[in-house]
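Each reported figure results from applying straightforward, stated rules to the coordinates on display, with no laboratory input. Please read these numbers as outputs of a predicted model, since none were measured by experiment. FYI the Cβ positions are ideal-geometry reconstructions off the backbone, even for glycines, and counts take in every protein chain you see.
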Amino acid sequence: MEYATLNNGIKMPMAGIGTFLLTPDEAEASVLSALKCGYRLIDTANAYVNERAVGRAMKKSGLSREEIFLETKLWPSFYEQPDAVEKTLERLETPYMDLLLIHQPAGNYIAGYKQMEKACKEGKAKAIGLSNFNQAQIQEILDMCEVKPTVLQTEVHPYFQEKELKRFLDKEGIVIQAWYPLGHGDKALLEEPLFAELGQKYGKTNAQIILRWHIQDGNIVIPGSKNPAHIQDNFDLFDFSLTDEEMKKIAAMDKKVRYYTSTPEMLKAYVDMVPDVDGQK
């Protein structure tokens, strides 16, 4: 395993399991399978409505809480609820989160961030960060924060490398965590001849080549899967390295094309959406 050192000194695994779009049963099975394979980073969110399942899987794994790096995200409709962090901890059945993120730059996200800062000062979150924020929104947080964000979770893959944003984040000591690290399953990306060529050279799948590129480029990855074989494959990334020349070839593939585009209408809808966190299995 390789680690990123966050700007508060905490070490975070470079590869983890994502639980987006997984039902509680799927999330529990997926996380348990991942922890057995050697994963130690788990990503969930209020909005995924599977936090309880993630908590169950952690307990069933037999690992101590300290061995697992757990991250979750506050949803906009909860930013102004003073007990949002406490309720999140209760669902996960844990006394603290290793990383707590603001999920969307929607609604009163300043109030949400201040709530996370409070959690950090109380030891309920060891680190805090942002998700889906652009550079101007990140700067807004940097200008008002008492506790600096450590991580930005955002869309990054070989077709959308966010090089300019990354330079800004590097200056601020903020690490990128890539969701859609494999391009949302886009066959055109996954079947790029370069990845097949490198896969043949290293005895790896195209997906493993892409994930290895991320790690060497400094991006933490959290691919999600319910398939135990894919979960294992997505973690077999630490026994080879791409050359500088190969990294440059992948860098040249950047099309600045994203799969997810936020709109003001979507952000407003996020504020109005209240995930059924209390009714989850």
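Brief remarks follow.
- Projecting label points 7 angstrom from Cα along Cα→Cβ for E90 and F20 puts them 2.9 nm apart.
- Here r is the Cβ-Cβ distance between D244 and M1 and R0 is 22 Å; the resulting FRET efficiency, rounded to 0.05, is 0.45.
- Fewest-first sequence of K171, K126, K59 by Cβ atoms within 10 Å of each Cβ: K171, K59, K126
- Estimated from helical segments only, the mean residue ellipticity of the chain at 222 nm is -12000 deg cm²/dmol, where each DSSP H run of four or more residues counts as -39500 (n - 2.57).
- Placing unit charges on each Cβ (+1 for Lys and Arg, -1 for Asp and Glu) gives the chain a dipole about its Cα centre, and among Y48, A34, L100 the Cα reaching farthest toward its positive end belongs to A34.
- Extended-chain gain in nm, criterion 0.36 nm per residue less alpha-carbon gap, Q232 and D254: 5.2 nm
- Fully extended contour minus Cα-Cα distance, from K187 to S262, at 0.36 nm per residue: 24.7 nm
- Sites V271 and Q137, calculated FRET efficiency, Cβ-Cβ separation with R0 22 Å, nearest 0.05: 0.90
- Proxy reagent accessibility, fewest Cβ within 10 Å first, across W75, W179: W179, W75
- Taking each residue as 0.36 nm, the span from E164 to K114 lengthens on full extension beyond its C-alpha to C-alpha distance by 15.3 nm.
- Residue pairs, from the table K11/K87; K126/K148; K73/K118; K114/K163; K87/K114; K73/K268, whose Cα atoms sit over 22 Å apart: K11/K87; K114/K163
- Segment 21-108: GluC sites (Glu not before Pro) falling in loop per DSSP and having at most 16 other Cβ within 10 Å: E80, E93
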